[in-house]
Each structure stands twice: as C-alpha cells, then as structure tokens.
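Take a look at the structure set out below.
The values are calculated or read from the model by the stated rules, or taken from the named source; none is laboratory data. In this text, all values refer to a predicted model and were calculated from it rather than measured experimentally. Here the Cβ positions follow ideal geometry from the backbone for every residue, glycine too, while neighbour counts run over all protein chains shown.
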Amino acid sequence: MAKVSQALNIEDLRKMAGRRLPSFLFDYAERGHADGGSVNRNVAAFDKYTMLARALVKVVPPDTARTIFGRTYALPFGISAVGGLGIFRPGADRFLAEVAREANIPFMLSGVSTDSIDTVARIAPEHVWFQLYASRDFELTKRMIRQAADAGCDVLVVSVDYPIQNKSEVPQRSGVTPIGGINWQKLPSIFGDLAMHPAWLATFLASGGMPKMESWMPYVPPGSSPKEIAKYFASVWPPNLVWDDMERIREVWKGKLVLKGLMEPADIAKAYAVGADGVSLSNHGGNKLNIVPAIVDCLAPARAAIAPDNALFLDGGMRRGSDVVKAVALGADFCFLGRAFLYGVSAGGREGVQRAVEILRDEVSYTMAMLGCPDVDGIDPALLFPPARGGG
C-alpha cells in the first residue's frame, strides 16, 4: 500500500483514504446532501476560472503569508471544521492542531469534535478557532462560548445555516454516523464492509470503539456513553437562529466573531452590521442542501456587496493550491479546506495531515510564482481571465 509521503496531490490522499475507510464512512464524507450535486459543483466550479500569467517579475521565493485579525499566518489557507473526525482516525483533532501549529495556519475546531476544545487549544493556543453549534437553550450557548474563551480561543465561528437537522442518505442506509456511531442492528448489512477494511477496524477497536464528543461532556451526566452524548446533542440542536441571536452572541463573545454559512450578498453585508468581524462563505461543503450553487460562484458578488476591509473567507470545494489562489483573486481574504485534511488524516494520521499541508503549500507557491505574484497581496482580480466583474 502506498505511503502518504508518496501522494503528489490531494486526489492521491483521497484515494488512499477511500481504500482505508469503510464505505459507510468514505461515502458519508464524499456525498453530502442527497445525490452529492452540491459537493460536485463546489469542486467542478473552480475549473471554469482561469488566470493570466505575468512574466519578468521577481517572484522567487513567493511570500505566501497572510495577516488575518492581526495575526500573520504562513499561508493563505487554514483547516476547516469537520465534525466527528475521531471515527475516521482516533486523535484526528489533535493531529490537526499539532500540524496547524507547526505550519502556522489556523485550525477551525468543530463544535462536534471528538477532542475537547480545552485539549486542542492547549496543543495550539494561538491557532485554534472554535466553530460553535449553538443550542436551543441560550444559557447553554453562553456556557459553550465561555468554555471557548476560557480555553484561550480568540476567534469564534458561528455556524448559522442549519435551522433544522441536516439529512444525509448515506447514514440512513448504513446505520452509521460519525457522531451517533454504529447501529449494531444493521451489522449484517455492513459486516462485509468492515471485513474488507481490517486496518480501520483494528484501529477503531484498539482505541475503544466509538469516540465521545468531548466538548459536550461538561453538559451531560458523568460517565455518559458516546451514544448518550450524541442523543443529548440531538435534543438541543439545531436552533433556528435569527439575526437577534447573532446580536446576543456578539454581546457575550468579546473576541473576533465570524459567521459561517452565509451565501446571499445582502445577508453577508448585514453580518458586519450586527457586529461580525468576518464572514465565511460556505454551503457546508455541500452537506447542507443539494440545490445550492457552487460556493466559489458566490464569492465575487459577496465581495462587491461589502467594504474592502470587511474580512471575507471561502470554505468549500478547494482541492488544489491553485484553487486557493483563484479564490483570493475572486475576493477571498483567506480560505478554509475541510475534506483535503479529512483525506490526509484518514489516510495517514498526523503524517497525512502534514502531507496535505505540504502539497497545498507547494501548489500555492508554485501557482503564485508562475502567475508573477511575489506575495498574496499581488493576487488580484486583474489576473482572472476574463477579468472578474463585480470583484474587488
């Protein structure tokens, strides 16, 4: 079996992850909502954007650093939130945090992580952003916000795009979810799948089986099982958030506030009016709804609707460093990738995450040099072909 060090691109890591993971997990990660149309559009949409190369410019080595919220990161991208990663690879959240610290990039920890915010923030205190899944009980939401603040997080990312429980056909068929675990009544239907993936199964069993959502453990009785914690989470989430809720969260949270999951330009503009410091354009990686547009296609209109100094991020669909460069040219200040790192950690644990960062870093640097961009600020709409309209 190929080692992750031999992976030349994210697609190689994807194939390695696909070979290691049972299909009920790999398909869950790949499909998104319904038949996967939004996931596929997110990825394919980048192909229609091309860029003009400039020559005879001093570009070696390109400066890939990017400053966001007063902190300078080594690259214009970070690791996006992916929930329930512990079932894909035990210790996944810790691996991501360690690599984020070493690579000097941000790591957005999911609100349904299998390692607690306290644990992860201790590993990478200056690199962890916390993605909040708010509760229907605002007092509980406030406790979670305080937990993130006490852990040392400077940036709170509020997911706003789930008014009702999300639906995926894959776990409905298999009986397995990264959060709820395995419905053992469906074991006969997945037995063959498990038998064909002995390495994953051995690691899963050796680690104690289904991991707990540790960030939710302070809110359940001591000794609660993973299934009991997941059941409690399902009983308090999701809330149907409205703009008044954002104002209440802004009053409680004193650090930088990012709203994740907005797509429509008017909504994005309003986010800054209610106190957000940034917006992350996202359709939840295609997991939200099958009929929404590719998220990169929403970028230029969003940029045109807001002030130049409003922080705007893109989250979704990027599989190449050149995709990150395209997103910056279209108006993103920073990018977050989720599946690329899910593939890496699933395929090779910590080493797989490191390899994913190396691949993307090298591709960003190479693309910038070939375009004639000495630094990230030099990536602008004029490089797009044809030039973007409405970008800024």
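Worth a mention:
- The residues of the stretch 294-321 that are touching a residue at least 40 places away in the same chain (Cβ under 8 Å), under 30 Å from ARG355 (Cα atoms) and not in a helix (DSSP H, G or I), listed by number, are ALA294, ALA311, LEU312, PHE313, ASP315, GLY316, GLY317, MET318, ARG319, ARG320.
- If the condition is being touching a Phe, Trp or Tyr at 6+ places or on another chain (Cβ under 9 Å) and within 23 Å of ASN166 (Cβ to Cβ), then the stretch 272-316 contributes VAL279, SER280, LEU281, SER282, HIS284, LYS288, ALA294, VAL296, PHE313, LEU314, ASP315, GLY316.
- Per the conditions (1) modelled with pLDDT of 95 or more; (2) among the hydrophobic types (A, V, I, L, M, F, W, C); (3) surrounded by fewer than 16 Cβ atoms within 10 Å (Cβ to Cβ), the sole criterion not satisfied by ALA234 is (1).
- For the stretch 237-253, the count of residues that are surrounded by 17 or more Cβ atoms within 10 Å (Cβ to Cβ) and on the phi > 0 side of the Ramachandran plot is zero.
- Taking the criterion of being loosely packed, with under 15 Cβ neighbours inside 10 Å, within 26 Å of the chain's Cα centre (by Cα) and either within 17 Å of ASP118 (Cα to Cα) or of a type in the set (Ser, Thr, Tyr) (or both), the only residue of the stretch 218-231 that qualifies is PRO218.
- Residues within the stretch 209-238 that are assigned to a loop (DSSP other than H, G, I, E, B), hydrophobic (A, V, I, L, M, F, W, C) and under 18 Å from GLU139 (Cα atoms), tallied: 2
- The single condition among (1) in contact with a Lys or Arg (Cβ under 8 Å, 6 or more places away or on another chain); (2) at pLDDT 95 or above; (3) among the aliphatic types (A, V, I, L, M); (4) within 30 Å of LEU187 (Cβ to Cβ) that VAL39 does not meet is (2).
- Test set (1) over 20 Å from the mean Cα position of the chain (by Cα); (2) over 24 Å from LEU194 (Cα atoms) - ILE10 fails condition number: (1)
- Note on the stretch 37-65: among residues that are closer than 22 Å to LEU75 by Cβ and β-branched (Val, Ile, Thr), the one that is nearest to the chain's Cα centre (by Cα) is VAL43.
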